[in-house]
Amino acid sequence: MGQMNEIRNIVILTGAGVSAESGIDTFRDAGGLWEQHKVEDVATPEAFARDPDLVLRFYDMRREAIQTKEPNAAHHALGRLEAEWAKREDCELTLVTQNVDDLHERGGSERLIHMHGGHLTAWCLACDNRPEWREPLLDRPPCPTCGVAGKLRPDVVWFGEMPYQMEEIYAALSAADLFVSIGTSGAVYPAAGFVQEARGQGIRTLELNLEPSQGSAYFDESRHGPATQVVPEWVDEMLGGL
Ligand code: BV8
C-alpha cells in the first residue's frame with residue numbers, strides 16, 4: 001500500500017456488507033428478493049405510484065429492523081480512523097455510504113454522506129421538509145412540519161432518482177490520495193463507478209470486501225474477509241498501530 005504518510009485525503013465508500021455482521025440483510029444475501037419482488041422493482045418511484053402500500057411496508061419493516069441493531073467493529077474502526085485523521089494537519093477523511101441505516105453515526109463517524117438517503121428521516125411531498133422519522137408510514141401519518149397527512153415518503157434514493165450530494169462526493173474524490181471501497185458489490189451506479197473515477201485521476205484504490213466485487217479488477221489492491229476483521233486491521237495499519 002505504499003508509504004502511509006503520503007496519504008492525506010481519504011474517500012471511503014461503504015455498502016451493505018459493512019452492516020451485514022450487525023444483522024442487517026445485504027441486498028444479495030436477502031437474495032435481493034422481497035415478497036417475490038426484486039429490490040430494483042420495489043425501490044422505484046413507479047413502484048411507489050403503482051402500489052404505495054407495498055413500498056411503504058417494505059421500508060417500515062426495514063426502518064423498524066435497523067432500530068434493533070448495533071454498530072459492529074468495522075463501524076467503530078471507521079469512527080476511530082476519522083477521529084485520529086482529524087488530528088492530522090491537512091488531512092481529510094470523507095465517508096460516503098450507500099447504506100440507509102444509522103450504524104456509521106452510532107459507530108462514531110461524523111463526516112458522513114448518505115448518498116442514498118436514510119431510514120430515519122421521512123420526506124414530506126407537501127412541504128418538502130425531511131423530518132426525523134422512526135415510526136411506520138403505512139398509516140399515512142401527518143407531517144410533523146406542515147401537518148398534511150399521507151404525503152410522507154421514505155427519504156431514500158430509489159432507482160432512477162438522483163443520489164444526494166453528488167457534487168460534494170466528486171469534489172472529495174478529486175482531492176483524494178486514497179479511495180477505499182468497503183462491503184459493496186459494485187452493482188449500482190453511480191457509486192460503482194467511483195473506483196474508475198479514482199483510477200482515472202491516478203488515485204490509489206483499495207477494496208475491502210467479503211469476496212471480489214463486480215469492480216474488483218479496477219482496484220490496485222483487494223483484501224477479502226469479513227468487514228469486522230479486514231476493516232479494523234486496515235485502520236490499525238493506517239494509524240501505524242496506534
Ligand atoms: C441514477 C437505497 C441517474 C434504497 C439503493 C444500466 C447500467 C448502469 C446503470 C443503470 C442501468 N439501468 C439503470 C441504471 C441506473 C441505476 C443502476 O445502477 N441500476 C443497477 C441495478 C444496474 N442507478 C440508479 O438508478 C441510481 N440513480 O442513476 O440516477 C439520474 C440521472 C439524472 C437524473 C435523475 C437520475 C440510484 C441508485 C440508488 C438505488 N438505491 N439503495 C434502499 O436501500 O432500499 S441501491 C442499493 O443497492 C444500495 O444502496 C447499493 O447502492 C446497491 C448495492 O447494494 P450494496 O450496498 O453493494 O449491497 P449488496 O447486497 O449488493 O452487496 C453486498 C456486498 O457486501 C457484497 O459484495 C458482499 O460480498 C459483501 N459482504 C457481505 N457480507 C459481508 C460483506 N463484506 C464484508 N463483510 C461482510 N460480513
Residue order, fewest to most surrounding Cβ atoms within 10 angstrom, among L152, L120, L103: L120, L103, L152
Listed residue (L178, M162, P142) projecting farthest to the positive dipole end of the stretch 138-185, Cβ model: P142
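How would K87, K69 line up from fewest to most surrounding beta-carbon atoms within 10 angstrom? Each step should come with its number before you reach the end.
Details: K87 7, K69 15.
Going from sparsest to densest Cβ surroundings: K87, K69.
What does the charge dipole of the chain about its Cα centre add up to, to the nearest 20 debye, if the Cβ of each Lys and Arg holds +1 and the Cβ of each Asp and Glu holds -1?
Working: 21 positive and 39 negative charges, 60 e Å.
Dipole of the chain, to the nearest 20 debye: 280 debye.
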Zero-based 5 Å bins, Cα pair distances in the stretch 144-242, whole percents: 2, 11, 18, 18, 17, 13, 6, 5, 5, 4, 1
Any cysteine of the chain lacking a neighbouring Cys Cβ under 4.7 Å - listed by number: C91
Relative counts (whole %) of C-alpha pair distances in the stretch 1-119, using bins that are 5 Å wide: 2, 10, 18, 20, 16, 12, 9, 6, 4, 2, 0
Size of electric dipole in the stretch 151-242: Cβ of Lys, Arg +1 and of Asp, Glu -1, about Cα centre, debye, nearest 20: 300
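I'd like the per residue volume of the convex hull spanned by the Cα atoms of the stretch 126-172, given in cubic angstrom.
Working: hull volume 5.1 nm³, N = 47.
Roughly 109 Å³ of hull volume per residue.
When a footprinting reagent is the concern and you count Cβ atoms within 10 Å, what order do H114, H37, H76, H224 take, fewest first?
Details: H114 25, H37 16, H76 21, H224 13.
Going from sparsest to densest Cβ surroundings: H224, H37, H76, H114.
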Range of Cα positions in the stretch 82-200 per principal axis (Å), largest first: 47, 32, 23
Average projected area [Cα convex hull, the chain], square nanometres: 12.9
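Only the coordinates and a few stated rules stand behind these numbers; no lab work does. Just so it is clear, the structure is predicted and the values come from calculations on it, not from any experiment. As a convention, Cβ positions derive from the backbone with ideal geometry for all residues, glycine included, and neighbour counts pool all protein chains shown.
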